[in-house]
Structures are given as structure tokens and as C-alpha cells.
Amino acid sequence: MRWSRLIAPAGSVLDVACGSGRHLRWLAAQGFAVTGVDRDAAALASLSQYGRSVVADLENAPWPLPGQCFDAVVVTNYLWRPLWPVVLASLADGGVLIYETFALGHEAFGKPSNPDFLLRAGELLEACRGLHVVAFEDGTLDAPTRRVQRIAAISSPAANARHPL
């Protein structure tokens with residue numbers, strides 16, 4: 001919610017691994033054209049009234065939206081490193097990436113605890129090299145307690161002028 005004001009008004013937003021669509025629903029209510037991608041067809045079934053939903057296995061099948069670009073891409077609580085290049089390529093010029101997921105240290109609080117699904121120190125910043133980073137956070141949050149990294153970044157520094165802070 002905090003960084004949604006960076007998204008072009010009525011812009012297109014892709015929610016990657018959207019699950020039951022918590023973010024997708026909120027973004028649709030703000031007037032954005034939303035697309036959600038997830039492998040759980042049952043979870044996506046209730047989202048058709050909000051926007052487009054695409055059933056796809058993001059880890060074992062080709063990217064379901066080849067060549068499509070969005071004014072924003074949102075990813076939360078999901079990490080599949082091989083997908084990073086296609087996620088970044090899905091940003092339109094001036095598009096906003098809003099990404100938050102678990103980081104090393106989270107294993108002390110619960111799942112995920114496998115290091116394959118936990119960001120290493122500075123890893124999210126490194127993955128966004130070349131983007132204009134508006135905000136980055138790396139730390140522990142409460143309710144529930146979790147260790148995360150978060151980033152809000154814009155795909156083109158030249159396009160940053162149109163984004164109000």
C-alpha cells in the first residue's frame with residue numbers, strides 16, 4: 001500500500017504468486033488493472049471479478065505472459081530466483097517493482113526455513129541492480145514476527161521524475 005502511489009494512475013499491475021489475491025484485490029479497488037498469476041487454480045477462481053487471473057506453475061513451466069509488460073509488478077512472500085530476470089523484464093518503462101519476501105534469519109521464527117527460499121544479505125538489492133531504488137528495508141517485523149527484505153524500485157531512472165514520493 002505504501003508504494004502504490006508510485007504506480008501510474010489506472011496502470012496495469014502484475015501480482016506474481018498471488019495466492020488468494022490479498023494484494024490483487026486491494027490494487028483493483030484502487031483502480032488498477034490487475035493480473036494475478038499463481039499455480040493454485042482454486043485460489044484464483046474467486047479473483048475473476050477483480051481482473052485477469054492466470055493459472056501457471058512458475059517453477060516448472062514457461063513464463064505464462066511472454067512479452068507482456070506492466071506498470072507495476074508485486075511479489076510478496078515468494079522467492080524463485082530463476083524467475084527474477086523475467087519479473088524484471090515484465091516492468092514497463094518507468095514501471096514499479098514492489099517486492100517483499102523472507103530473508104535469512106527468518107528460520108528462527110518459522111517457515112520457510114530452507115535457505116533456498118530465504119534471501120541472503122543484500123540479495124534483493126543485487127537482483128535490482130540497474131533499477132532506481134526508492135526504498136529498501138532489511139530487518140525483523142512483528143505481527144507475525146518475520147525476517148524480511150523489501151524493495152520498491154523503478155525500472156528507469158529517467159522515468160523517476162513522474163513518480164511522486
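Antiparallel beta bridges, as assigned by DSSP with both residues in region 9-162, represent about 45 percent of the total such bridges. Would any residue of region 44-58 have its amide N under 12 Å from a label point 7 Å out along Cα→Cβ of W80? List them or say none. Only 55-58 fall inside the zone, counting backbone N under 12 Å. Take the chain, connect every pair of alpha-carbon atoms lying under 10 Å apart with a spring to form a Gaussian network, then pick out the residue of S12, S48, S20 with the largest mean-square fluctuation. Comparing S12, S48, S20 in the GNM, the peak value goes to S48.
Residues in region 7-21 carry Karplus couplings, in order, of 7, 3, x, 6, x, 8, 10, 9, 10, 8, 6, 6, x, 7, x Hz; the curve used is 6.51 cos²θ - 1.76 cosθ + 1.60 with θ = phi - 60°, and Gly or Pro positions show x.
When only Cα pairs below 8 angstrom with a gap of at least 6 residues are kept, the chain shows a relative contact order of 20 percent.
Within the shell of other residues whose beta carbon sits under 15 angstrom from the beta carbon of G21, the net charge comes to +1, with Lys and Arg scored +1 and Asp and Glu -1.
Can you give the longest run of the chain that contains no trypsin sites (Lys or Arg not before Pro) sitting in a DSSP loop with at most 13 other Cβ atoms inside 10 Å?
Working: sites that count: R2, R120, R129.
Longest stretch, sites excluded: 3-119.
The charge dipole of the chain, taken about its Cα centre with unit charges on the Cβ of Lys, Arg, Asp and Glu (plus for the first two, minus for the last two), comes to roughly 320 debye.
On the basis of the beta-carbon distance and an R0 of 35 Å, A61 and D142 show a calculated FRET efficiency of 0.45.
Each reported figure results from applying straightforward, stated rules to the coordinates on display, with no laboratory input. None of the values given here were measured: they were computed from a predicted structure. A quick note on method: Cβ atoms are made from the backbone with ideal geometry, for glycine too, and the neighbour counts reach across all protein chains shown.
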